[in-house]
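Written below as structure tokens is the structure these notes are about.
The values are calculated or read from the model by the stated rules, or taken from the named source; none is laboratory data. Note that the structure is predicted; figures quoted are calculated from it, not measured. For neighbour counting, all protein chains shown are included, and Cβ atoms are generated from backbone atoms with ideal geometry for every residue, glycine included.
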There are 2 protein chains.
Amino acid sequence: MRIIIVGFGVVGQSFVKLMLSRSADLYSQQGMKPRVVACLDNSGSAIAPAGLDAQRLLDAKKMRETVGAYEKDGRRFDALEIIEKVDAEVMLECTPTNLNDGEPATSLITSAMRNGKHVICVNKGPLALAFPSLIELANYNGVMLRFSGTVGGGTPILEFAKRCLKGDRIISFRGILNGTTNYILSKMEEGWTYGEAIKDAKEKGYAEANPSLDVDGFDAAAKLVIMANWIMGMKVTMKDINRSGIANVRLPEVRNALERGNAVKLLAVCDSRRLCVAPTEVAKTDPVCVNGTLNAVSFSSEHSGQQTIIGRGAGGMETASAILRDLIEIRDATFS
Amino acid sequence: MRIIIVGFGVVGQSFVKLMLSRSADLYSQQGMKPRVVACLDNSGSAIAPAGLDAQRLLDAKKMRETVGAYEKDGRRFDALEIIEKVDAEVMLECTPTNLNDGEPATSLITSAMRNGKHVICVNKGPLALAFPSLIELANYNGVMLRFSGTVGGGTPILEFAKRCLKGDRIISFRGILNGTTNYILSKMEEGWTYGEAIKDAKEKGYAEANPSLDVDGFDAAAKLVIMANWIMGMKVTMKDINRSGIANVRLPEVRNALERGNAVKLLAVCDSRRLCVAPTEVAKTDPVCVNGTLNAVSFSSEHSGQQTIIGRGAGGMETASAILRDLIEIRDATFS
């Protein structure tokens, strides 16, 4: 399978590293030989129809900060030009999340699908803003759009709901979808103030310099959109989510909850009445009540009751493993 | 798909009820029209090549305590005779678990596979005692042997590990695989003695009159065998499990653990060094540390870290939903 990688940050690089380390058993166990035929970042691009050398690609990025340094006199190509002209089965979209207009990812995905390429997207922006129309476009063009890495990092929350509960009906779900805010709230439970906790989260690399995406609930809401569409068959986007963040959660509130045997969590809920992200008291004994940077989702199904899945919600290599799952799924569905 | 049901207790009846209630959408969503062509219990049998009437079958069992009452003058057939002579794609094995010699289930499963029938087994006995040879026999005869309901009840623990972590490598797992002992230990944490807790568990229907299967760790060990074979590719049986139960756990031990922020759990562990079931201290903050009758398993994988799945580990309708998943999987793999 030939892959075009657009965006070469932590996740893109982790994916190439993962392919390198797993190439032998990917071939022996899955019969797969994925190769990257084009790779782009902000400052340059590298193209090789027979496959780029993965180690050299990683070195170019590490030493010279751009894949453009892969070739000595590498011409710089435009992403849309590459998507249109380079033969490949799959485009991997790894540009940073933009929840305002979803660009440049939306245009790139749209173009790839129109050009008959399957898309693996680890970018929540386009999906949060336009899930229903992107899926429609994928179906119209007869290609697959997959996005396991957008929810739960390496934790297969979407697959769990879609595959493992086949034959049952999921009625509702609720969960902690953002690790940064969960870390902050866990620290507040230990007595830290909101300000102290957020400072610590920034120092540890859990929170961005501008933490709004996390603390105002945008990230969790984007994931909720993806889950509501994919798992529950709803046709919703960001504007349908009733969202509030954790910026107004104060210590006394956390302490009072604790006295009642509860914890304050930024909970995403999808049921017949609600589609919301908000700070919510959750019983300490509830399986969904996890601490630190963990994510957790509880699904309620008609016959098999409540089932919870817990794991790390982020991380380069974790997300890369989700991309690999998507790649295997696309191969299984299309090349067999 | 034509199904032979052998053993018609709570699980078998729940499965027929589930098929009844879901028949319309099984047909519309999955294109499936499963029908029971033969059904046996201890005292009788019912056969109809065109499909038994599900409601009448349930009524016969309820009113007259045997499916033999389905026909007024129903002849009584032997299970092996039915498996050999009645045309069907799938045999559903629901006889009670026997961890001594696995019978009669082992003979029935073996016979069904030799007759080219796929098998869905919700009986831990045959699998715990002879997993490797049963899988070999299934492969040799070109049929599928599925057993989702044996581990986790309706919670898709086996599917999660097999399907959702595709492309990653599970290195080890540990979990609480028996709800009865977990209930007893949870009650002891609240200060009850072992004797009080087991009496309560019997009254609530969680523990059998002879609770040895649960409290001595046999049930958890049987599930561990199934998981070690199916998920980790080991070739092990009951005798390879280092097993100890909870009968010697006393209150001071539970209290001391609690003071250290831990709980005593009957933990099943599978890693490179150990394959065991034993009372073990688990940190209260560990996602696998669940209370009451819940089951929980944490998988450690190479790239996506630790992932935990939690749910009810038993129940008629829950297990029936696992059978339905197996049935859909067999259909997808063989009739498409």
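Restricting the stretch A:290-313 to residues that are part of a loop (DSSP other than H, G, I, E, B) and surrounded by fewer than 20 Cβ atoms within 10 Å (Cβ to Cβ) leaves a set whose member that is farthest from the chain's Cα centre (by Cα) is A:Glu302. Screening B:Asp73, B:Asp101 for residues that are part of a loop (DSSP other than H, G, I, E, B), out of contact with any strand residue (DSSP E or B) (no Cβ under 9 Å at 6 or more places or on another chain) and closer than 25 Å to B:Ser133 by Cα leaves exactly one candidate, B:Asp101. Considering every residue within the stretch A:138-150, establish whether at least one is touching a residue at least 60 places away in the same chain (Cβ under 8 Å), touching a Cys at 6+ places or on another chain (Cβ under 6 Å) and assigned to a loop (DSSP other than H, G, I, E, B). Yes, the stretch A:138-150 contains at least one residue that is touching a residue at least 60 places away in the same chain (Cβ under 8 Å), touching a Cys at 6+ places or on another chain (Cβ under 6 Å) and assigned to a loop (DSSP other than H, G, I, E, B). Hey, any hits in the stretch A:63-82 for a residue that's among the β-branched types (Val, Ile, Thr) and over 19 Å from A:Val143 (Cβ atoms)? Yes, because at least one residue in the stretch A:63-82 is among the β-branched types (Val, Ile, Thr) and over 19 Å from A:Val143 (Cβ atoms).
When the stretch A:21-46 is filtered for residues that are over 15 Å from B:Arg169 (Cα atoms), surrounded by 13 or more Cβ atoms within 10 Å (Cβ to Cβ) and within 14 Å of chain B (Cβ to nearest Cβ), the ones remaining, listed by number, are A:Met32, A:Pro34.
Could you tell me whether the stretch B:315-331 includes any residue that is without any contact (Cβ under 8 Å) to a residue 24 or more places away in the chain and surrounded by 19 or more Cβ atoms within 10 Å (Cβ to Cβ)?
No, the conditions are met nowhere in the stretch B:315-331.
Confirm whether B:Ala228 is outside any strand (DSSP E or B) and assigned by TED's automatic domain parsing to the domain that holds B:Arg163. In short, yes. Checked across the stretch B:171-183, the condition of being within 14 Å of another protein chain (Cβ to nearest Cβ), surrounded by fewer than 19 Cβ atoms within 10 Å (Cβ to Cβ) and over 17 Å from the mean Cα position of the chain (by Cα) holds for at least one residue.
To keep it simple, each residue is scored yes or no on (1) assigned by TED's automatic domain parsing to the domain that holds A:Thr150; (2) under 24 Å from A:Arg325 (Cβ atoms); (3) without any contact (Cβ under 8 Å) to a residue 24 or more places away in the chain; (4) touching a Phe, Trp or Tyr at 6+ places or on another chain (Cβ under 8 Å).
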{"site": "A:Gly7", "(1), (2), (3), (4)": "yes, yes, no, no"}
{"site": "A:Val10", "(1), (2), (3), (4)": "yes, yes, no, no"}
{"site": "A:Met32", "(1), (2), (3), (4)": "yes, yes, no, no"}
{"site": "A:Ala46", "(1), (2), (3), (4)": "yes, no, no, yes"}
{"site": "A:Leu52", "(1), (2), (3), (4)": "yes, yes, yes, yes"}
{"site": "A:Arg56", "(1), (2), (3), (4)": "yes, no, yes, yes"}
{"site": "A:Ala88", "(1), (2), (3), (4)": "yes, yes, no, no"}
{"site": "A:Leu99", "(1), (2), (3), (4)": "yes, no, no, yes"}
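Of all the residues that make up the stretch A:289-311, how many are in contact with a helix residue (DSSP H, G or I) (Cβ under 6 Å, 6 or more places away or on another chain), within 7 Å of chain B (Cβ to nearest Cβ) and over 19 Å from B:Gly152 (Cα atoms)? Within the stretch A:289-311, residues that are in contact with a helix residue (DSSP H, G or I) (Cβ under 6 Å, 6 or more places away or on another chain), within 7 Å of chain B (Cβ to nearest Cβ) and over 19 Å from B:Gly152 (Cα atoms) number 1. Taking first residues from the stretch A:207-226 that are touching a residue at least 12 places away in the same chain (Cβ under 8 Å) and under 12 Å from A:Asn182 (Cα atoms) and partners that are surrounded by fewer than 24 Cβ atoms within 10 Å (Cβ to Cβ) and small (Gly, Ala, Ser), the Cβ contacts under 7 Å between residues at least 6 apart in sequence or on separate chains come to A:Ala207/A:Ala201; A:Asp214/A:Ala207; A:Val215/A:Gly245; A:Val215/A:Ala247; A:Gly217/A:Ser244; A:Gly217/A:Gly245. For the subset of the stretch B:292-321 comprising residues that are among the aliphatic types (A, V, I, L, M) and more than 24 Å from B:Val264 (Cβ to Cβ), which member is modelled with the highest pLDDT? This residue is B:Ala320.
Remark: B:Lys61 falls outside the filter, which requires a residue to be in contact with a helix residue (DSSP H, G or I) (Cβ under 6 Å, 6 or more places away or on another chain), exposed (fewer than 15 other Cβ atoms within 10 Å of the Cβ), within 21 Å of B:Ile323 (Cα to Cα) and among the charged types (D, E, K, R).
B:Gln13 satisfies every condition listed in (1) in a strand (DSSP E or B); (2) within 11 Å of B:Leu57 (Cβ to Cβ) except (1). Scoring B:Asn256 on the criteria (1) part of a helix (DSSP H, G or I); (2) buried (at least 20 other Cβ atoms within 10 Å of the Cβ) leaves a single failure, condition (2). Cβ separations smaller than 8 Å between residues 6+ apart or across chains give the following pairs from the stretch A:156-169 residues that are facing chain B (nearest Cβ under 8 Å) to residues that are among the aromatic types (Phe, Trp, Tyr): A:Pro156/B:Phe160; A:Phe160/A:Phe299; A:Phe160/B:Phe160; A:Cys164/B:Phe160; A:Leu165/A:Phe299.
Looking only at residues in the stretch B:259-288 that are among the β-branched types (Val, Ile, Thr) and in a loop (DSSP other than H, G, I, E, B), which one is modelled with the highest pLDDT?
Here the answer is B:Val288.
Figure legend. Inter-residue proximity from the stretch A:171-182: first residues in the same structural domain as A:Ile226 (by TED's automatic domain parsing), second residues of a type in the set (S, T, N, Q) and in a loop (DSSP other than H, G, I, E, B), beta-carbon distance below 6 Å, spacing 6+ or different chains. Indicated pairs: A:Gly179/A:Thr293. When A:Leu324 is tested against (1) within 11 Å of another protein chain (Cβ to nearest Cβ); (2) at pLDDT 95 or above; (3) touching a helix residue (DSSP H, G or I) at 6+ places or on another chain (Cβ under 8 Å), only condition (2) is not met.
Looking for whichever is touching a residue at least 60 places away in the same chain (Cβ under 8 Å) and within 26 Å of A:Thr97 (Cα to Cα) here; the options are A:Val254, A:Val236, A:Val264. Which one fits? Criteria check complete, one pass: A:Val236. For B:Arg163, the conditions (1) in a helix (DSSP H, G or I); (2) modelled with pLDDT of 95 or more all hold with the exception of (2). Scanning for something at pLDDT 95 or above and under 22 Å from A:Ser272 (Cα atoms), does the stretch A:180-187 turn up at least one residue? No; the residues of the stretch A:180-187 include none that is at pLDDT 95 or above and under 22 Å from A:Ser272 (Cα atoms).
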